[in-house]
Amino acid sequence: MVLAARAAIMMSRSAQRVWVVGAGFLGSELVRLCRAAGVQTLSIDRRTMADVQGEAQRADTLQRALQKCPPQVIYSCTATHGGDAEAYRSCYAEVAEQLVRSAPGARVVFCSTCSVYERQDGGEVSEMSACPGTEEKMRAVLCAEQSVLRAGGVVARLAALYGPDRCEIVRRYVLDFGRELPGGRARWVNYVHVADAARALMLLAVRGEAGQVYNVCGESHRLGDLYTCLDTLCGGREMGSGSPPPQPEGRGRANMRVKADKIRLLGWEAREDLMSFARRFIDESGKMHCDA
């Protein structure tokens with residue numbers, strides 16, 4: 001919490017006006033933290049609760065945002081929630097290009113994904129690891145990264161996010177009686193809590209080196225180890241051996257350990273961990289069953 005508070009103080013001193021583009025799971029948390037730091041924060045999203053409602057890849061949307069709040073920092077937190085390659089190009093590449101074009105004086109912090117490494121053999125990846133771009137969706141994300149990096153922005157490659165109301169592995173295993181994620185128990189998975197990810201983005205806005213990529217990952221585990229821990233936390237609660245349902249092509253293929261030493265050198269540390277979250281989730285789900 002000390003580092004988070006320090007990052008907030010730095011942000012308030014260096015950037016009084018920010019945009020958060022994409023007001024979803026991560027973006028809404030980032031808006032909350034920025035405003036708590038006393039920073040003038042404008043959210044941009046298709047959702048009705050955004051300060052500026054509209055498509056971020058449209059110049060007219062960003063012009064309306066500029067009239068309200070010329071930004072010093074822009075956080076690009078858009079997400080597709082699935083979709084084809086064209087959806088990825090629209091959501092990531094086109095948005096990044098438009099942000100750089102519409103607010104050339106602002107520092108862009110772009111939320112990317114560790115999936116760009118496309119590693120499937122359980123090996124370790126760092127920011128220096130290859131991003132082959134064999135998948136069309138990942139090529140769209142890498143194109144967005146390059147637009148931001150060429151403009152002197154910063155790229156944050158995020159591990160899988162979890163937090164309140166969103167943690168696929170815990171929800172499946174606890175509420176769906178042992179239903180597992182695809183990929184097998186030897187598969188490595190990587191996670192970061194949404195609040196830790198938001199704090200990382202705030203830190204990168206003030207300490208990240210221009211034109212650099214940073215991995216943001218709190219922890220890496222083998223799926224089998226996580227299931228063993230969840231079994232223990234459930235305290236003998238009946239669990240099935242359910243097999244995973246059919247998944248869209250590409251799901252469950254990533255298998256890697258993400259190193260995040262580079263951002264830790266800036267002073268970031270994850271403050272949340274998956275098992276503590278799971279313990280609270282199990283306690284709350286047990287209470288709900290009792291109340292029912």
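The values are calculated or read from the model by the stated rules, or taken from the named source; none is laboratory data. If you're wondering where the values come from, they're calculated on a predicted model, not measured in any experiment. For neighbour counting, all protein chains shown are included, and Cβ atoms are generated from backbone atoms with ideal geometry for every residue, glycine included.
Checking the stated criteria, Glu284 turns out to be over 19 Å from Ala186 (Cα atoms) and at pLDDT 80 or above.
Quick grid of which residues meet (1) touching a Gly at 6+ places or on another chain (Cβ under 9 Å); (2) of a type in the set (A, V, I, L, M); (3) modelled with pLDDT under 80; (4) surrounded by fewer than 10 Cβ atoms within 10 Å (Cβ to Cβ):
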{"position": "Thr228", "(1), (2), (3), (4)": "no, no, no, no"}
{"position": "Leu233", "(1), (2), (3), (4)": "no, yes, no, no"}
{"position": "Arg237", "(1), (2), (3), (4)": "yes, no, yes, no"}
{"position": "Gly240", "(1), (2), (3), (4)": "yes, no, yes, no"}
{"position": "Pro246", "(1), (2), (3), (4)": "no, no, yes, yes"}
{"position": "Ala260", "(1), (2), (3), (4)": "yes, yes, no, no"}
{"position": "Arg271", "(1), (2), (3), (4)": "yes, no, no, no"}
{"position": "Leu274", "(1), (2), (3), (4)": "yes, yes, no, no"}
{"position": "Ala278", "(1), (2), (3), (4)": "no, yes, no, no"}
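Of the residues making up segment 196-237, those that are of a type in the set (Asp, Glu) and in contact (Cβ under 8 Å) with a residue 40 or more places away in the chain are Asp196, Glu209, Glu219. Listed by position, the strands (runs of 3 or more DSSP E) enclosed by segment 16-114 that each have at least 2 residues that are touching a residue at least 40 places away in the same chain (Cβ under 8 Å) and in contact with a strand residue (DSSP E or B) (Cβ under 9 Å, 6 or more places away or on another chain) are 17-21, 73-76, 107-113.
Starting from residues that are modelled with pLDDT of 95 or more and more than 18 Å from the chain's Cα centre (by Cα), keep the ones in segment 39-48 and report whichever is surrounded by the most Cβ atoms within 10 Å (Cβ to Cβ).
Here is the first cut: in segment 39-48, the ones modelled with pLDDT of 95 or more are 39-45.
Pick out the ones that are also more than 18 Å from the chain's Cα centre (by Cα) and you get 39-42.
Numbers: Val39: 22, Gln40: 15, Thr41: 24, Leu42: 21.
My answer is Thr41.
Kindly establish whether Arg187 is closer than 22 Å to Ser28 by Cβ, charged (D, E, K, R), in contact (Cβ under 8 Å) with a residue 12 or more places away in the chain and surrounded by 19 or more Cβ atoms within 10 Å (Cβ to Cβ). Answer is no for this residue. Annotation: of all residues in segment 248-258 being among the hydrophobic types (A, V, I, L, M, F, W, C) and at pLDDT 95 or above, the one that is nearest to the chain's Cα centre (by Cα) is Val258.
Put simply, of Asp84, Asp60, Asp51 the only residue that is farther than 21 Å from Ala156 by Cβ, loosely packed, with under 13 Cβ neighbours inside 10 Å and at pLDDT 95 or above is Asp60. Can you find even one residue in segment 196-207 that is closer than 12 Å to Ala159 by Cα, charged (D, E, K, R), modelled with pLDDT of 90 or more and surrounded by 20 or more Cβ atoms within 10 Å (Cβ to Cβ)? Looking through segment 196-207, at least one residue is closer than 12 Å to Ala159 by Cα, charged (D, E, K, R), modelled with pLDDT of 90 or more and surrounded by 20 or more Cβ atoms within 10 Å (Cβ to Cβ).
Assigned to a helix (DSSP H, G or I) and at pLDDT 95 or above, is that true of Ser129?
On the way: assigned to a helix (DSSP H, G or I): no; at pLDDT 95 or above: yes.
Considered against the rule, which asks whether it is assigned to a helix (DSSP H, G or I) and at pLDDT 95 or above, Ser129 comes out as no.
Considering Val192, Val154, the condition of being touching a Lys or Arg at 6+ places or on another chain (Cβ under 9 Å) and at pLDDT 95 or above is satisfied by Val154 alone.
In segment 166-180, of all residues being part of a loop (DSSP other than H, G, I, E, B) and at pLDDT below 85, the one that is surrounded by the most Cβ atoms within 10 Å (Cβ to Cβ) corresponds to Glu180. Among the residues making up segment 184-227, a single one is of a type in the set (Lys, Arg) and out of contact with any helix residue (DSSP H, G or I) (no Cβ under 9 Å at 6 or more places or on another chain): Arg222.
Go through the residues of segment 154-165 one by one and say whether even a single one is surrounded by 15 or more Cβ atoms within 10 Å (Cβ to Cβ) and over 26 Å from Glu272 (Cα atoms). Full working, then the answer.
Restricting attention to segment 154-165, the residues satisfying the condition of being surrounded by 15 or more Cβ atoms within 10 Å (Cβ to Cβ) are 154-163.
Restricting the remaining residues to those that are over 26 Å from Glu272 (Cα atoms) gives none.
No; the residues of segment 154-165 include none that is surrounded by 15 or more Cβ atoms within 10 Å (Cβ to Cβ) and over 26 Å from Glu272 (Cα atoms).
Kindly indicate which of Val108, Val125, Val100 is over 19 Å from Gly211 (Cβ atoms) and crowded, with 19+ Cβ neighbours inside 10 Å.
Values: Val108 fails: over 19 Å from Gly211 (Cβ atoms); Val100 fails: over 19 Å from Gly211 (Cβ atoms).
Answer to the check: Val125.
Out of Val170, Val155, Val148, which single residue is within 19 Å of Val258 (Cβ to Cβ) and of a type in the set (Val, Ile, Thr)? Outline the logic, then answer.
Working: Val170 fails: within 19 Å of Val258 (Cβ to Cβ); Val148 fails: within 19 Å of Val258 (Cβ to Cβ).
When all the criteria are applied, what remains is Val155.
Among the residues of segment 172-185, is any over 24 Å from Gly83 (Cα atoms) and in contact with a strand residue (DSSP E or B) (Cβ under 9 Å, 6 or more places away or on another chain)? Yes - at least one qualifying residue is present in segment 172-185.
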